[in-house]
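Here, each number is a calculation from the coordinates, and none is a lab measurement. Predicted, not measured: the structure shown is a model, and the values here were computed from it. Every residue, glycine as well, gets a Cβ built from its backbone with ideal geometry; the counts of neighbours run over all protein chains shown.
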Amino acid sequence: MKTIRNYSIVAIALLTVFMVGCKKDEDTPAPAAGVTTPPTNDEELITSVILSFVDTAGVQPSVQYAFRDPDGDGGNAPTQQDVISLVANTYYNATIQILNEAASPSEDITIEVQQEDDEHLFCYSISNTNVSVTRTDSDGTYEVGITTFWSTGAAAIGNTTVTLKHQPGVKDGTCAPGDTDVEVIFATEIQ
């Protein structure tokens with residue numbers, strides 16, 4: 001009789017533990033029917049911005065200029081910050097690539113920007129240089145700026161600011177809305 005009583009006590013204890021372990025968490029309300037929680041878009045570490053230029057006439061050599069900051073914003077100084085140097089009165093097709101080279105192997109963040117092109121916009125701000133930049137790719141509604149067309153004028157020295165804007169739900173074709181994922185200022189010379 002004592003053995004049956006001990007088994008009963010153990011069975012009740014296990015059943016209590018099972019019921020407590022399976023209890024639904026009432027602190028977190030379940031989403032309403034048909035409502036889904038959007039996935040979070042974790043911010044990527046961007047350590048490198050690379051611009052590649054090809055002369056549309058095929059006369060000038062193709063060139064590439066990079067900004068590299070292996071530990072990201074803050075911390076140590078960038079390890080590479082090239083000067084964009086282009087030939088006067090020339091037309092270039094350009095592409096931009098952004099990387100996380102702190103990862104092993106390095107991650108090409110440009111792929112994510114292409115996949116989420118309706119949420120991203122590259123902005124190119126030119127100061128004191130005879131350069132015009134036109135975005136040549138689109139998300140179907142607005143430009144994106146991974147590919148661009150650059151037209152240079154007379155010799156000059158200035159800056160090109162490249163900014164990647166993250167604009168989920170607010171993209172309107174301008175650089176005003178959204179958050180800045182990365183911004184790099186390249187010294188620029190047209191010669």
Problem - Within segment 90-191: Cβ-based charge dipole about Cα centre, in debye rounded to nearest 20 (Lys, Arg +1; Asp, Glu -1) - result: 520 debye
Exercise for the section: Between the alpha-carbon centers of segment 66-96 and segment 121-191, tell me the distance in whole angstrom. Expected result: 13 Å
Practice task
Positive end of the charge dipole of segment 48-190 (Lys, Arg +1 and Asp, Glu -1 on Cβ, about the Cα centre): tell me which of Thr129, Pro78, Ala176 has its Cα farthest that way.
Solution key: Thr129
Completion exercise
Under 15 Å by backbone N from the virtual spin label 7 Å along Cα-to-Cβ at Ala155, the residues of segment 164-191 are 189-191
Completion exercise
Total charge of the residues flanking Lys165 in space, meaning their Cβ is under 10 Å from its Cβ, with Lys and Arg +1 and Asp and Glu -1, is -3
Problem - Dimensionless Rg over Rh [segment 91-182; C-alpha; Kirkwood] - result: 1.00
